[in-house]
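J.: Got a structure for you, questions after.
The values are calculated or read from the model by the stated rules, or taken from the named source; none is laboratory data. These numbers come from a predicted model, not from an experiment. Heads up, the Cβs are rebuilt from the backbone with ideal geometry, glycines too, and the neighbour counts pull from every protein chain shown. When the accessible area is computed, the model is the full protein with side chains, heavy atoms only, and any ligands, DNA or RNA have been set aside. Shrake-Rupley method; radii C 1.70, N 1.55, O 1.52, S 1.80 Å.
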Amino acid sequence: MNKVNILGVKIDKVTIPEATDMICEMLKSEGNHTVFTPNSEILYMAYKDDKFKVLLNSADILTADGIGVVYASKILKNPISERAGGFDIACKVIERISNTGEKLFLFGGKPGVAELAKENLINKYPFLNIVGTRNGYFKPEETDEIVAEINKTGADLVFVCLGAPAQEKWIYNNKDRLNCHVMMGIGGSLDVFAGVVERAPEKWQKLGLEWLYRLKKEPKRFFRMMALPKFGFTVLFKGRKFTKEDK
Ligand code: UDP
């Protein structure tokens, strides 16, 4: 079984290196592909919203971003071996394309953040081909212009970092107009590449406490995180119903 059905969303049981390989393959193939990396909050959102669930399931790759998703897969007796977060996958993909010439576009974050992320990434990988940046604060009527801007650069890969669920919706609504090969929705990753947000120390990550570290740094996330216990209880009491549907 290569997927696990968590409350109706079919998550790929892939590790970070496996997801990286798949993305690098997609970069070489025809057509465009989408990669979403949902965490527990997003999966709970999809459980409550059928339209969003369909949208998530339309992705070519759906990875488990967060320890909550990994625990859920274990509860459902179809375990994912490790979390495959969007930021970690993005780091590996960048490493792989750092001197291949494939064109990367950074979209999202507050004004200046994507530029700063570009600067830091180029310092680390001087031959990385970042062909454009665009902040993530725009009016809906500016979408056409953004799509045209990305297409003009000939980007192969676009990191769409608008936060969830906005980035997944943006990708879904615009994927057929974008000429790139891969679009990845990866939340606050540009903030981390830019150095404006600090990633949890490795020790916290290994203990599965990255969410607690983020809460400590950004207490306003508390209300969003209220979805976590609800997600846990729903998986525990209703999760089997979804896994049975697959059989
Ligand atoms: N963001 C954006 N446009 C918006 C709202 C948010 O570009 O209209 C960016 C924000 O600046 C941040 C990212 O989206 O860089 C959301 O980060 P967060 O860590 O909250 O992501 P999530 O946890 O939702 O994946």
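J.: Before we move on, is Lys220 without any contact (Cβ under 8 Å) to a residue 12 or more places away in the chain and within 12 Å of the ligand (Cβ to nearest atom)?
T.: Numbers: without any contact (Cβ under 8 Å) to a residue 12 or more places away in the chain: yes; within 12 Å of the ligand (Cβ to nearest atom): yes.
Judged against the criteria, Lys220 is a match.
J.: Continuing with the same structure: Among the residues of region 137-159, write down those that are buried (at least 21 other Cβ atoms within 10 Å of the Cβ) and within 16 Å of the ligand (Cβ to nearest atom). Walk me through it before giving the result.
T.: Restricting attention to region 137-159, the residues satisfying the condition of being buried (at least 21 other Cβ atoms within 10 Å of the Cβ) are 150, 155-159.
If the condition is that a residue be buried (at least 21 other Cβ atoms within 10 Å of the Cβ) and within 16 Å of the ligand (Cβ to nearest atom), then Ile150, Val158, Phe159 are the ones that fit.
J.: Further question: Pairs only if they're at least six apart or on different chains, beta carbon under 7 angstrom, first in region 168-195 and closer than 18 Å to Ala19 by Cβ, second more than 15 Å from the ligand (Cβ to nearest atom) and among the β-branched types (Val, Ile, Thr); list them, first residue then second.
T.: Matching pairs, first to second residue: Ile171/Thr34; Val182/Ile23; Met183/Thr34.
J.: Only residues that are in contact (Cβ under 8 Å) with a residue 40 or more places away in the chain, surrounded by fewer than 19 Cβ atoms within 10 Å (Cβ to Cβ) and either of a type in the set (S, T, N, Q) or within 16 Å of the ligand (Cβ to nearest atom) (or both): list them for region 33-55, please.
T.: Answer for region 33-55, where residues must be in contact (Cβ under 8 Å) with a residue 40 or more places away in the chain, surrounded by fewer than 19 Cβ atoms within 10 Å (Cβ to Cβ) and either of a type in the set (S, T, N, Q) or within 16 Å of the ligand (Cβ to nearest atom) (or both): there is none.
J.: Could you please give the count of residues in region 160-190 that are within 11 Å of the ligand (Cβ to nearest atom) and not in a helix (DSSP H, G or I)?
T.: So in region 160-190, the residues within 11 Å of the ligand (Cβ to nearest atom) come out as 160-168, 170, 185-190.
When the remaining residues are screened for being not in a helix (DSSP H, G or I), the result is 160-165, 185-188.
Result for region 160-190: 10.
J.: Residues that are modelled with pLDDT under 85 and among the aromatic types (Phe, Trp, Tyr): does region 217-225 have at least one?
T.: yes
J.: Out of all the residues in region 56-80, which are outside any loop (DSSP other than H, G, I, E, B), out of contact with any helix residue (DSSP H, G or I) (no Cβ under 7 Å at 6 or more places or on another chain) and either more than 25 Å from Trp204 (Cβ to Cβ) or open to solvent by less than 10 Å² (accessible area, probe 1.4 Å) (or both)?
T.: Quick first cut of region 56-80, residues outside any loop (DSSP other than H, G, I, E, B) only: 56-57, 61-62, 67-75.
Filter once more, keeping what is out of contact with any helix residue (DSSP H, G or I) (no Cβ under 7 Å at 6 or more places or on another chain): 57, 67, 70-71, 73-74.
Passing the criteria: Asn57, Val70, Ser73.
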